[in-house]
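Report on the following structure.
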Amino acid sequence: MNMSGENMPQGVLQEIEKLVRELNDHSYRYYVLDEPVIPDAEYDRLYRRLKELEEEYDYVLPESPTRRVGEPPLEKFEKVKHGMPMLSLDNAFSHDEVRDFDARIKRLLNTEGPVEYTVEPKYDGLAIELVYRDGHLYKASTRGDGYEGEDVTGNIRTIRAIPLKMEVSGRIPVEIDIRGEVYMELDEFEKLNGQRERSGEPLFANPRNAAAGSVRQLDPSITASRKLYLACYGAGTLRGMEFSSQAEFVQWLKAMRFPVPAAMRVVKGIDRAIDVIKELEINRNSFPFETDGAVIKVNDFGIQQKLGVRTREPRWAIAYKFPAHRATTKILDIQGSVGRTGVITPFAILEPVRIGGVTVSRSTLHNWNELKRKDIKIGDTVVVERAGDVIPHVVTVVEKERTGLERDFPIPGKCPVCGSKVIREEGEVAVRCVSLHCPAQVQEKIIHFASRGAMDIEGLGEKNVELLYSRGLIKHFEDIYRLDKSDLLELPRFAEKSARNLIDAINRSKRVSLTKFLFALGILHVGEYAARVLAGNFRTIEDLYNVLPDRITGIRQMGEKSASSISTFFSDEKNLRTLESLKSLGVTIDNPDFESGRKERLPLEGTSFVITGTLPEPRNEIEEMIERLGGHVSSAVSKKTDYLLAGDEPGSKLEKARSGGVKIIHYKEFLKIAGK
Ligand code: IVH
């Protein structure tokens, strides 16, 4: 791009500069001050004129608003190391705990006099670091683990409240890392969720998730379509300038046109700070954003330095958490919703009620036991509580409001999404739909089907399954084998080579062992181990069609739960049709694990272990070794347990094994049995 502006009439250069200045000025008034002075249509006109000139003369200033959009999607986020760690905050849940914080500071400083604090709302969003070099936005990253985050520069540039260039008429540092919170306003959040509900997309649980989901997006045009804001509250690395206090720093940020926390106050002494917290708590619902507390910071930077940092939190700041919002409303209906793993959970449809700035019309009821325990009925008046989430939960039923017309909601016998019969195992809380064809679960099942250890289709991970599913290209397992290269080439993530690689990987996966195939089907309670046992006992998959549970419990290593789920799976006509389609599309199943073909027996063949306590090697490695050697690990001691492998500080399983007469062994004996 021609950045020098050579061969450009002087008048044009001036017009471009003027337009950029004016447009940035209007953005600032609109997004930061919330005091627009021109109508949107006028802004759009100026923007179009600028774009025209930039294109005609191939000249774009670094701070031009046209640079905020149009970056191509990324393959993945690059990592960025923070110049200084991004810390988090200690929490206080009562005014007394805030006083303790003040007392601790005075003790450390060895002073009796009142400490000066700043108090401001805590924004419930996503922490971001903006690196400015010579006044220009150079990089933006997420907090990550505090030391290293993800490079989200292209996305952050689309947030119009963030200056691409600082006000150079003021003093600016050579380099500064400005920290702040990106958030979504409540109105925008509700609008976005409304849209998502209409288009059948999953809803964001709260404005924080919505903001985080919008920033951690590989495609900046999606971020640009979400209205996001920022509040800047701190600095990391700072070179070429100094500040003496938080208040002075925030004043400077404001002069540089950065958005800063609303209603920040400077007060002397903890009593005044608590007064401000109380005010914020009263006003919290009038803020356009979600705030879950107040942040109290020592104002003086010299004192902050003296107090220092405790592992991950500074000693000079604390977050006071507001109590959760509550309201009373009525339950209009109770329904079941099917999660991605088939578990059906009850939820309540509520008479809409405003709770802390958000209209709430649903409440989760967690599970069917909870429904019973809290004795919740359709028609009940209930107290609902919303912490950070927009989906609140029912705290209690207001019994005195009962009229006698309230109705119990029975545990459903059929899946509310696909109508298949559901299963509930004895002693289990969860009710599940186990159909292979349930639309609520299909994506998750396909992801599992294609994963390593299952059909092992390289390149068909979560992201690509989501993409192919959303485009209607795969609806069931078998559709994977109907894909061709031209289907893939129409999609944004694929080019010639990646499309060919995926088709090759799909073709390679067509030859598969029965063990892997059974595992890939994602039958409830059939993990890799059970799949191997089944393959050891059934020569072909057809031998499992319409199998009875007794035939499976007859196999030593199989329990009743898996038997019933396997039998349900292989008696479902639709499931059997899927298996037939897979075969007719070229999936060929070999069975090298079938017992009669095997000569050598593994040392732990058919032996069942339970592990307790700390062992010399990591637990998962020992479990893997046992399974590799033909054994099996269960989580609880039962009649079928052969050995309890006990390490240091064993848990209650030891007692259970003793009373059940299960042989208890230590690591050394275990190695002997394993032939090591
Ligand atoms: S000051 C040393 N001020 O809350 C950390 N943080 O729970 C200084 N947050 O990591 C942070 N609003 O992401 C500060 N007004 C505010 C804030 C705020 C939200 C976030 C921030 C921090 C987290 C800790």
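Of Leu126, Leu108, Asn464, whose Cα points farthest to the positive end of the dipole of the chain (charges on the beta-carbon: +1 Lys, Arg; -1 Asp, Glu; origin at the Cα centre)?
Looking along the dipole axis, the top candidate is Asn464.
May I ask for the Kirkwood hydrodynamic radius of the chain, worked out over all distinct Cα pairs and given in angstroms to one decimal?
In the chain this quantity evaluates to 30.1 Å.
For region 578-676, with only Lys/Arg (+1) and Asp/Glu (-1) charged at the beta-carbon, what is the dipole magnitude about the Cα centre, in debye rounded to 20?
Here the size comes out at about 400 debye.
Isolated Cys in the chain by the 4.7 Å beta carbon test?
So, Cys232.
If packing is taken as the average number of other Cβ atoms within 10 Å across a peptide's residues, how do 64-71, 307-314 rank, most packed first? Don't skip to the answer; put the middle values down first.
Working: 64-71: 17.1, 307-314: 13.1.
Result, highest mean first: 64-71, 307-314.
Rank by packing, highest mean first: peptides 373-384, 172-183, with packing defined as the count of other Cβ atoms within 10 Å averaged across residues.
Answer by packing, highest mean first, reads 172-183, 373-384.
If I fit a long axis through the Cα atoms of helix 573-584 and take the longest principal axis of the Cα atoms of the chain, what angle between them do I get, 0 to 90°, rounded to 10?
90 degrees
On C-alpha positions alone, give me the angle between the axis of helix 186-198 and the longest principal axis of the chain, in degrees, nearest 10.
Result, in degrees: 40.
Looking at region 403-490, which trypsin sites (Lys or Arg not before Pro) are in a loop (DSSP not H, G, I, E or B) and have at most 13 other Cβ atoms within 10 Å?
When the trypsin sites (Lys or Arg not before Pro) of region 403-490 are filtered for loop state and at most 13 Cβ neighbours within 10 Å, Arg452, Arg471 remain.
Given the DSSP H assignment, sum -39500 (n - 2.57) over each helix run of at least 4 residues in the chain and divide by its residue total; what's the result at 222 nm in deg cm²/dmol, nearest 500?
On the way: 23 runs with 227 residues, N = 676.
Theoretical 222 nm ellipticity from helices: -10000 deg cm²/dmol.
Mind putting a number on the dipole of region 166-248 about its Cα centre? Charges go on the C-beta only, +1 for Lys and Arg and -1 for Asp and Glu, and I need it in Debye to the nearest 20.
Dipole of region 166-248, to the nearest 20 debye: 200 debye.
Of Asn537, Ala294, Leu19, whose Cα points farthest to the positive end of the dipole of the chain (charges on the beta-carbon: +1 Lys, Arg; -1 Asp, Glu; origin at the Cα centre)?
Farthest towards the positive end: Asn537.
Counting DSSP beta bridges in the chain, what percent are antiparallel, to the nearest 5?
85 percent
Between region 61-91 and region 385-435, what is the C-alpha centre distance in whole Å?
Taking the Cα centre of each part, region 61-91 and region 385-435 sit 42 Å apart.
Residues with amide H under 5 Å of Val395's amide H, sequence separation 5 or more or different chain, H placed in the peptide plane at 1.01 Å from N; which?
Sorted by chain and number, the residues that satisfy this are Val383, Val384, Glu385.
As I understand it, the value is the acute angle between the Cα axis of helix 10-27 and the longest principal axis of the Cα atoms of the chain; what does it come to in degrees, rounded to 10?
Helix 10-27 sits at roughly 70 degrees to that axis.
If you average the alpha carbon positions of region 510-542 and of region 275-348, how far apart do those two centres end up, in angstrom?
Region 510-542 and region 275-348 have Cα centres separated by 47 Å.
Give me the lysines in straight-line cross-link reach of Lys574: C-alpha distance below 18 Å, same-chain residues under 8 apart excluded.
Lys414, Lys421, Lys445, Lys475, Lys583
Of the options Gly427, Leu371, Leu502, report the single residue whose Cα projects farthest towards the positive end of the charge dipole of region 367-525 (beta-carbon charges: Lys, Arg +1; Asp, Glu -1).
The listed residue farthest towards the positive side: Leu502.
Could you tell me the center-to-center distance, by alpha carbons, between region 625-659 and region 440-495 in angstrom?
Region 625-659 and region 440-495 have Cα centres spaced 39 Å from each other.
Under a Cβ-only charge scheme (Lys and Arg +1, Asp and Glu -1), can you give me the dipole magnitude of the chain about the Cα centre, in debye to the nearest 20?
Computed about the Cα centre, the dipole is about 1660 debye.
Read the figures in this text as sums done on the coordinates, not as results from a lab. Keep in mind that what you see is a predicted model, and the values were worked out from it rather than measured. Because the Cβ atoms are built from the backbone with ideal geometry, glycine has one as well, and the counts that use them run over all protein chains shown.
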